[in-house]
Amino acid sequence: MTHAASKAPSTVVAPPATNETFGITLRILSTIAFALMGLCVKALGDTVPLGQIVFFRSAVALLPLVLFLWWSGGWPRGLLTTRPFGHVARCLMGALAMFTSFATIRLLPLAEATMLSYLSPVLLALLGWVVLKERLNTRRIGGVVLGLAGVAAFCLPAFAGVLPDAGGLGVTLGLVTAMLTAGALIQVRRLTLLGESAGAIAFWFAVVSAICGLATLPWGWVWPGAASLALLIGTGLAGGLAHILMTLSFRHAEASALAPFEYMSVLWAVALGFAFFAEVPSLAFLLAGPLILVGAFVARSGRQR
């Protein structure tokens, strides 16, 4: 997935903020790492099957994740769970979101694929209201309306035939990714409320995603060259590092202080897409981007604690 599908650390119960500036710095670094992960996926193009990319993204990320869990005292006892089926449901939705997310990056400019991933907080507000009976207050309703308006502004050109066929498919997969990510995050909330640790949620997600990627081996993996192998490893390391940096940021600053910096991933995606692939943001992106990002921010900040 893009980073939206692996945002489990937002459920971590952190101690009181100790160094807000340091926490914000870690959060910004995590957005850079997420953007670099997308860059690696985009650079691989069609040369490596999606399942193989998902496997490397998840399996390689286990190394820094295990080291982090060991360092923070969560290895191995923190991986015990009393809700295995709950983890399976979360992991399968998250793994499928990773497949659709990487396919979206292939089909759309990097910035547009990243922007679509931020629909998940908008959809999460609706799912939280329906599934978890969370209160849908005025701020969250406003965020949902803004987000959906952004979707309309961005999707209409694609579905009206203004964009190439690949653009319409990419937008569709981006919307599917946002829905799957929102469903996965709802399950993360359920598991957290039932006492499951963030370490267990992150570890088992990486394991199941790696298995799902490995299951595609019979459909034809390729033997990667040196450059492709470096990009595959980079995808996993960047994703794993981004996850850890985001988790650590919540130990040093409150979520309300970190939230505005989460959306810097889109800025990095615009810069990297232009620098490496000569991608220039479209008019639809410029119109829809602010609506979706503001809607996501408002929907997230309006959540009832």
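Sort out which residues of the stretch 249-266 are in a helix (DSSP H, G or I), under 11 Å from I24 (Cα atoms) and at pLDDT 75 or above, and write them in order of number.
Of everything in the stretch 249-266, those that are in a helix (DSSP H, G or I), under 11 Å from I24 (Cα atoms) and at pLDDT 75 or above turn out to be S249, F250, R251, H252, F261, E262.
Could you list, in sequence order, the residues of the stretch 31-59 that are in a helix (DSSP H, G or I) and more than 18 Å from A113 (Cα to Cα)?
G51, Q52, F55, F56, S58, A59
Of the residues that sit in the stretch 37-50 and are of a type in the set (A, V, I, L, M, F, W, C) and more than 17 Å from A226 (Cβ to Cβ), which one is surrounded by the most Cβ atoms within 10 Å (Cβ to Cβ)?
V41
Within the stretch 67-101, track down each residue that is in contact (Cβ under 8 Å) with a residue 24 or more places away in the chain and charged (D, E, K, R).
R83, R90 - these are the residues of the stretch 67-101 that are in contact (Cβ under 8 Å) with a residue 24 or more places away in the chain and charged (D, E, K, R).
I want to confirm something. Restricting to the stretch 84-116 and keeping residues that are over 19 Å from A269 (Cβ atoms) and touching a Leu at 6+ places or on another chain (Cβ under 6 Å), which single residue is modelled with the lowest pLDDT?
Only one residue fits best here, namely G86.
Pairs needed: first member in the stretch 264-287, under 9 Å from L110 (Cα atoms) and of a type in the set (D, E, K, R); second member anywhere, part of a loop (DSSP other than H, G, I, E, B) and modelled with pLDDT of 85 or more; C-beta distance under 6 Å; at least 6 residues apart or different chains.
E279/P109
Given the options I24, I32, I53, I28, name the one that is aliphatic (A, V, I, L, M), surrounded by 22 or more Cβ atoms within 10 Å (Cβ to Cβ) and touching a residue at least 60 places away in the same chain (Cβ under 8 Å).
I53
Cβ contacts < 8 Å: first residue of a type in the set (S, T, Y), restricted to the stretch 173-187; second residue not in a helix (DSSP H, G or I), any location; separation 6+ or different chain. Result?
T177/M1; T177/T2; T181/M1; T181/K7
Basic (K, R) and farther than 30 Å from L194 by Cβ - does that describe any residue in the stretch 69-92?
no
Can you tell me which residue within the stretch 280-294, out of those that are over 15 Å from S265 (Cβ atoms) and not in a helix (DSSP H, G or I), is modelled with the lowest pLDDT?
Top of the filtered list is S282.
The values are calculated or read from the model by the stated rules, or taken from the named source; none is laboratory data. Given the structure is predicted, the values throughout are model-derived calculations rather than measurements. Cβ atoms come from the backbone with ideal geometry, glycine included; neighbour counts cover every protein chain shown.
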